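The values are calculated or read from the model by the stated rules, or taken from the named source; none is laboratory data. Predicted model only: the values in this text are computed from it and were never measured. Using ideal geometry, Cβ is built from the backbone for each residue, glycine included, and neighbour counts are taken over all protein chains shown. Accessible surface areas use protein heavy atoms only, side chains included; no ligands, DNA or RNA. Shrake-Rupley method; radii C 1.70, N 1.55, O 1.52, S 1.80 Å.
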Amino acid sequence: DEHGIRLEMVLRDDKSNPDEAARIVDELAQEEKVSLIIGGTVSSIAAKMVERAKVNQVVIITPSATSPAFGYKRDWSVKILTDDVTQGIGLARFVAGELGLLRTAVIYNDHNNYGPSLLSAFRPAYEEEGGEIVAEESYQWDLDETNVPDLTGILLVVKEMKPEVVFIPGYADDASTLIYQSLMVNFAPIFCGGDSWTNQKIIQASGNNVEGSYYVGGADMSHDSDEGRRFMDLYD
């Protein structure tokens, strides 16, 4: 770089497998002698990596995992994004306090920990603001795009409860599938989610029902672009 420091990048593929990710941390720390590992795209993988990072005393930076279970100096890990607790509380206060919407349904994928983690933070904060969760439905899907589930039955059950908001604490695949299928049952509430909605798939695959949706996430306030400056002006 401009200071004359030479960096070497060593690449490994964890195959989206937590055990493989843990093995790779050992390999990179003990054989390649790296001092920093960037990885762990989701919390289940990052958690396994952090376990081995503490043993090997090598720093892990996760660019997208949001579990509150790690991200502290004592466990040799750093999170870039806001954790699930902060997101869940922030979204609850926005929906109830700012929008004044006090009837929410929740639909989440319990195949992974992300949805339940967000929900566990959202629920008490939302109820504290006077909101009520009028329906709570779950399903299991490993996000295999060749085997997309039919979730219209769940959507019909939720629709009967007449929520103003449907909270989908899932990934972009979950959210876009549910929002798109809501068109099939003539159900058009306000949808909301966490920072995993920061994904073009939400726009490209959700259909018209995504209009008017909200999600909570971080923003780079130093981003020097027309879009960034416009966002900061609106925020101010």
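Screening the range 1-114 for strands (runs of 3 or more DSSP E) wholly inside it with 3 or more residues that are open to solvent by less than 90 Å² (accessible area, probe 1.4 Å) returns the ranges 59-62, 77-79, 103-109.
Checked against (1) without any contact (Cβ under 8 Å) to a residue 12 or more places away in the chain; (2) in contact with a Phe, Trp or Tyr (Cβ under 9 Å, 6 or more places away or on another chain), Glu98 passes all but a single condition, namely (2). Counting the residues of the range 109-129 that are closer than 19 Å to Ile179 by Cβ and among the basic types (Lys, Arg) gives 0. Within the range 1-27, residues that are within 22 Å of Glu51 (Cα to Cα) and in contact (Cβ under 8 Å) with a residue 12 or more places away in the chain sit with their Cβ atoms under 6 Å from residues that are of a type in the set (Lys, Arg) and in a loop (DSSP other than H, G, I, E, B), at 6+ positions apart or across chains, in these pairs: Ile24/Arg12. Where strands (runs of 3 or more DSSP E) fall wholly inside the range 129-236, the ranges with 3 or more residues that are in contact (Cβ under 8 Å) with a residue 40 or more places away in the chain and either crowded, with 19+ Cβ neighbours inside 10 Å or small (Gly, Ala, Ser) (or both) are 165-167. The set of residues in the range 115-126 being surrounded by 15 or more Cβ atoms within 10 Å (Cβ to Cβ) and more than 16 Å from the chain's Cα centre (by Cα) consists of Arg123, Ala125, Tyr126.
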